[in-house]
Amino acid sequence: MNEHLLSQRTRKDHAAAVAAAAAEVGRFLDGRTTPRSPASPAHLASLTEAVDLSTPLGALDKALLEVRGLYLDHAVGYHHPRYLSHLNCPITIPSLAAETLATSVNTAVETWDQGTSACLIEQKLIDWVADLIDFDRPDRLTPDGVFTTGGSQSNLQALFTAREDRLSRPDPRGTAPGDRGRRLSRLRIVTGEHAHLSVVKSARLLGLAPDAVITLPGEGDRMDPATLDRALSSVADAGDEVAAVVALAGTTDHGAIDPLRAVGEVCRRHDVWLHVDAAYGGGLLVSPTRRDLLDGIGSADSVTVDFHKTFFLPVAASALLLRDGSGFRHSTVSADYLNPADGDDHAVDKSLQTTRRFDALKLWMTLRVLGADGIGRMLDDAIDVARRIGRTIDSADDFELVRRPALSTVLFRPRPEGCDADESDALVRPVRDALFAEGRSVVAATVVDGRPCLKFTVLDPELSDHDVTAVLADVREAARYLADGMRQATSAGVLS
């Protein structure tokens, strides 16, 4: 069995394995004419269930052939121009080269004696992103950060740090620190109505009260600073404490960006931690033309950025940045066998994870090949495509544009001739499900202002007008067919 372990002796086998896997990816790219196969869930489940894991195949070529039939033939192709569903981006080739290097060497970056130079690369990238954010530092604080698995983990750690920062201060009801359990029950997180689900999930994991998350109605899709100001005063008047305000730089559905500078001023006035969830909009940090959309992000105490969204990297690659890097002390637990308190500085001191992959190399390689402007231009191009789609939909008689694109999401409804608003709403989910089942086009569905709508998430800078026309034709055809079916069913019910 030792011949299957990577070593100097088996490096030719490694090269052959990587080449064989690359060939399978080539088949996946060349052979797929649609973003997914039309195979049913029952069929796919039967394929997986039929595999006897107690009987190995004994050879890589056989395992690759099996994986082709189980996985690659049916995997959703995020690179495909008719995939417009979730925040899944096409990925850069340099980042794939980085994945091969980092995975083959299998570097773990939690401690210096495991990561060495990889730790330095990661830290340099953290410093680079912190410089892009340009944190306000009136007290000459030193920003810092850590790579994470995604925006949910980054948001969790940010809110954990905010919670601990608040609880480390005197209890506003008295000068003593007070009882921790009692204060936990009174901690609140204030955010906008379009916040990511990870905010509520984080509050639960952090032991806060069931009603700890206060969601504020916005001005349009954005947080209203005046409403925030009143809410923070109301929380204080009730004898409660605000652990953090979560502002949004790119809401999942709308792509909306809160007025970060004004929100930051309100938070400073109330001495409240500001976390900016820029998992989606973080790529604007390198945009040559739209960086100003993040004006005021430097007033945050913490920022989430997902590189596997608008930096075009493979999952997983995210980061949490803190304006005051000393806040990571709240996450530090020392162990003599790993990171003794009297030893070197270790990345594990800042991380909720212990073992971590060298995901930073994906960003490093992409940045060194494309440059920051190159990454930013791809995002700019994707946003331009979304805005063209918005104009196309807005000019069509059988579509209803729900929101003009703020970033790269387009919200709309099918409105076949003769359909009223209720009928249009009733078509949304069936249209989405029909397209997914057929596999020709993959789009998303959501709810905005209490009404369902379809969503295009555009992260492909090369998406052509021809491809967009094809997806819209699929939506139009499905909506007409389903609308006719609804009318026939209604007529049959009336006649009976």
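Positive end of the charge dipole of the chain (Lys, Arg +1 and Asp, Glu -1 on Cβ, about the Cα centre): tell me which of Thr310, Gln353, Leu274 has its Cα farthest that way.
Positive-end residue among those listed: Gln353.
So which lysines pass the test for Lys455, namely a Cα distance under 23 Å, with those fewer than 8 places away in the same chain ruled out?
Filter leaves Lys309.
Would you indicate which of [x] 26.4, 118; [y] 25.0, 84; [z] 22.1, 80 is the value of Rg and Dmax of the Cα atoms in Å derived from the coordinates of this structure?
Read-out taken from this structure: [y].
Placing one identical point scatterer on every Cα of region 6-133 and ignoring solvent, what is log10 I(q)/I(0) from the Debye formula at q = 0.09, 0.14, 0.19, 0.20 Å⁻¹?
Summing over Cα pairs of region 6-133 leads to -0.42, -0.93, -1.21, -1.24.
With no solvent and one point on each alpha carbon, what is the Debye value of log10 I(q)/I(0) for region 121-201 at q = 0.17, 0.24 Å⁻¹?
With no solvent term, the Cα-only Debye profile gives -0.94, -1.18.
In whole Å and largest first, what semi-axes does the C-alpha gyration tensor of region 58-147 yield when each eigenvalue is scaled by 5 and square-rooted?
Listed largest to smallest, the semi-axes of region 58-147 are 37, 22, 9 Å.
How long are the semi-axes of the equivalent ellipsoid of region 128-287, defined as square roots of 5 times the Cα gyration tensor eigenvalues? Whole Å, largest first.
Three semi-axes, in Å: 24, 18, 16.
Once each part is reduced to its C-alpha centroid, what is the distance from region 20-95 to region 253-315 in angstrom?
34 Å
Need one number: nm distance between label points at Glu477 and Arg140, each 7 Å from Cα along Cα→Cβ, rounded to one decimal.
6.7 nm
Pulled fully out, how much extra length does the chain show between His466 and Asp384, if you take 0.36 nm times their separation in residues and subtract their Cα-Cα distance?
28.0 nm
Can you compute the modelled spin-label distance between Thr33 and Val448, with each label point 7 Å from Cα toward Cβ, in nm?
Going from the Thr33 label point to the Val448 one covers 3.3 nm.
Report the label-to-label distance for Leu101 and Thr354 in nanometres (one decimal), using points 7 Å from each Cα along the Cα→Cβ vector.
2.9 nm
Taking just the alpha-carbon atoms of region 322-380, what radius of gyration and Dmax come out, in angstrom?
Looking at region 322-380, its Cα Rg and Dmax stand at 16.2, 48 Å.
From the Cα trace of region 425-490, what convex hull volume per residue do you get, rounded to a whole Å³?
89 Å³
Whose amide H sits under 5 Å from the amide H of Ala445, counting only residues 5 or more places off or on another chain, with H placed in the peptide plane?
Lys455
Below 8 Å, C-alpha to C-alpha, sequence gap of six or more: please give me the relative contact order for the chain in percent. Kindly include the intermediate steps, with their values, before the conclusion.
Values: 860 pairs, mean separation 96.6, N = 496.
This gives 19 percent for the chain.
Tyr337 to Asp433: extension gain in nm, 0.36 nm per residue of separation minus the Cα-Cα distance?
29.4 nm
Could you tell me the calculated FRET efficiency between Ala421 and Arg68, based on Cβ-Cβ distance and R0 = 51 angstrom, to the nearest 0.05?
Values: r = 46 Å, r/R0 = 0.90.
Efficiency at R0 = 51 Å is approximately 0.65.
If you build the Cα gyration tensor of region 249-369 and take the root of 5 times each eigenvalue, what three semi-axes come out, in whole angstrom, biggest first?
Output for region 249-369: semi-axes of 28, 21, 11 Å.
Using the beta-carbon distance between Gln8 and Leu60 and R0 = 25 Å, what value does 1/(1 + (r/R0)^6) give for FRET efficiency, to the nearest 0.05?
Computed FRET efficiency for Gln8 and Leu60 comes out at 0.85.
For region 248-319, give me the percentage of DSSP beta bridges that are antiparallel, rounded to the nearest 5 percent.
40 percent
Before I look further, what does the chain give for accessible area per residue, probe 1.4 Å, in whole square angstrom?
48 Å²
How big, in percent, is the set of alpha carbon pairs in region 358-496 lying more than 24 Å apart? Write down the numbers at each step before the final one.
Values: 3798 of 9591 pairs.
Result for the distance tail: 40 percent.
Which ³J(HN,Hα) values, rounded to whole Hz and listed in residue order, are derived for region 311-322 from phi using the Karplus coefficients 6.51, -1.76 and 1.60 in 6.51 cos²θ - 1.76 cosθ + 1.60 with θ = phi - 60°, glycine and proline given as x?
Computed from phi, the couplings for region 311-322 are 10, 6, 10, x, 5, 10, 7, 9, 8, 10, 10, 10 Hz.
Using only the C-alpha atoms of region 185-268, find the volume of their convex hull and express it per residue in Å³.
In region 185-268, the Cα hull volume divided by residue count equals 81 Å³.
If the chain between Thr490 and Glu219 were fully stretched, how many nm would it gain, using 0.36 nm times the residue separation less the Cα-Cα distance?
93.6 nm
Could you give the spread of the C-alpha atoms of region 402-444 along their three principal axes, from largest to smallest, in whole angstroms?
31, 26, 14
Residue-wise, which Karplus ³J(HN,Hα) couplings in Hz belong to region 261-276, taking 6.51 cos²θ - 1.76 cosθ + 1.60, θ = phi - 60°, and x for glycine or proline?
Here the 3J(HN,Hα) series is 5, 5, 5, x, 5, 5, 5, 5, 5, 9, 6, 10, 5, 10, 10, 10 Hz.
Hey, what did region 167-241 get for relative contact order, percent, Cα under 8 Å, at least 6 apart?
It comes to 31 percent, rounded to a whole number.
The values are calculated or read from the model by the stated rules, or taken from the named source; none is laboratory data. Being a predicted model, the structure only gives us computed values, none of them experimental. Counting neighbours? That spans all protein chains shown, and the Cβs are built from the backbone with ideal geometry, glycine included. When the accessible area is computed, the model is the full protein with side chains, heavy atoms only, and any ligands, DNA or RNA have been set aside. Shrake-Rupley method; radii C 1.70, N 1.55, O 1.52, S 1.80 Å.
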